[in-house]
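Engineer: Have a look at this one.
Each value in this text was obtained by applying a stated rule to the coordinates, not by laboratory testing. Predicted model, so just to flag it, every value in this text is computed and none were measured. Using ideal geometry, Cβ is built from the backbone for each residue, glycine included, and neighbour counts are taken over all protein chains shown.
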Amino acid sequence: MFRTSLLYLSRQQGVFNFIRNVGIARKMASRFVAGETITSALDAVEALNAKGISASLDLLGESVANEAEARETGKQYLEILDRIQQRNLNANVSVKLTALGQDISDTLGVDVVRQVLTRAKQYESFVRLDMESSAYTDRTFDTFEQQLYQDFRDNVGIVLQSSLRRTLNDIDRANRLQCRVRICKGAYLEAPDVAFPDKADVDKNYVTAMHQLMEHGRYPGIATHDEAIITEAQRFAKEKGIASDRFEFQMLYGVRRDLQERVVRDGYRMRVYVPFGTQWYPYLMRRLAERPANLAFMAGNIVKEMLGGSSSSATQSAGNGAGNGSH
């Protein structure tokens, strides 16, 4: 019932219009979303860069309704890449294939994303193909491997989710390709035959996947706010002689800012996923609907930051939290 209500509210333009004019709601959203414009997002990136943190920008919005919308989204990503270059920022971009027309046709999605990748290649930049629910895993990986990776090996990577039972096989596939992978826990609510229902199993799968990527992969992104997993990654790197510049940690904008800065102070690379755009309200509502425990995750991590990381580990039950299923 709660999930259905959140999904219903995410589609109500009238509610969105009201929320956008409520100061406290906008302030809450601004913690997790870097404004509605490219300029506001780039300003957020500049502030992160000043702390030694890189970024990945994501223009909010998922499946589009027609070709014109898909191509317009592609143009906006070209502008983002242009402006990152103009401001000499340490940032790349993350994009969902559905936002570029994948659900309209695979041909359209590939055409638009190749335009974005061509611009990224021009700037020696990088595009992360976000992973959505398990219904898209095969389509996304196949598109990546068969139609993109050969031409853009240094400019494109994918995301894999440890919540899915299939992921270790996908890790093997990615390591054979020597492609860049972001490993996250996953934010989508999936059937138990597809995904592990218990957090302990998701965490165990995450650590196994992380070890394989760190030892045999190509510059993995370790996307987590779980301090125990971060500590394990650091321990494993030292044990295996893996240099700190062979991987990076990744976190969500506004979540555990204290931990982000601590990781950097400890000599490791940190990239923060920075979502922005006018669709922040449906984005947040859908993330909460996909896994209501994300609400506890967000709230719990605000408390952790306020208390310097000393609050109960129970608030980690949502894994990597809203958006990092794709992030």
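Engineer: Skipping prolines and chain starts, which residues have an amide H placed within reach, meaning under 5 Å, of the one on Ala195, given they are 5 or more residues away or on another chain?
Structural biologist: Correct list: Arg165.
Engineer: If each residue of separation counts as 0.36 nm, what is the full-extension length gain between Gln150 and Arg246 once their alpha-carbon separation is subtracted?
Structural biologist: 32.4 nm
Engineer: Something else now. I need the peptides 111-118, 66-73, 184-191 ranked by packing, meaning the mean over residues of other C-beta atoms within 10 angstrom, with the highest value on top.
Structural biologist: 184-191, 111-118, 66-73
Engineer: How much length is gained on full extension from Thr39 to Gln178, taking 0.36 nm per residue of separation minus their Cα-Cα distance?
Structural biologist: Between Thr39 and Gln178, full extension yields 46.6 nm more.
Engineer: Right, another one. In this model, which of Lys204/Lys238; Lys185/Lys240; Lys51/Lys96 are farther than 25 Å apart at the alpha-carbon?
Structural biologist: Violating the 25 Å limit, Cα to Cα: Lys51/Lys96.
Engineer: Okay, next question. Test of understanding: what is the full-extension gain from Asp201 to Ala135, defined as 0.36 nm times their sequence separation minus their Cα-Cα distance?
Structural biologist: Contour length minus Cα-Cα distance gives 21.7 nm.
Engineer: Quick one: order Ile242, Ile229, Ile183, Ile158 by neighbouring beta-carbon count within 10 Å, fewest to most.
Structural biologist: Ile242, Ile229, Ile158, Ile183
Engineer: Still on this structure, I have one more. With θ taken as phi - 60° and the coefficients 6.51, -1.76 and 1.60, list the Karplus ³J(HN,Hα) couplings across the range 171-188 in order, rounded to whole Hz; mark glycine and proline as x.
Structural biologist: Residue by residue, the range 171-188 yields 4, 4, 4, 5, 5, 5, 6, 6, 9, 7, 10, 9, 9, 9, 7, x, 10, 8 Hz.
Engineer: Then there is this: Which ³J(HN,Hα) values in Hz, rounded to whole numbers, follow from the phi angles of the range 70-76 under the Karplus curve 6.51 cos²θ - 1.76 cosθ + 1.60, where θ = phi - 60° and Gly and Pro get x?
Structural biologist: 4, 5, 5, 4, x, 5, 5
Engineer: A further question on this structure: Within a 10 angstrom radius of the beta carbon, how do Val264, Val255, Val207 rank from fewest other beta carbons to most?
Structural biologist: Ordered from fewest to most neighbouring Cβ atoms within 10 Å, Val264, Val255, Val207 come out as Val264, Val207, Val255.
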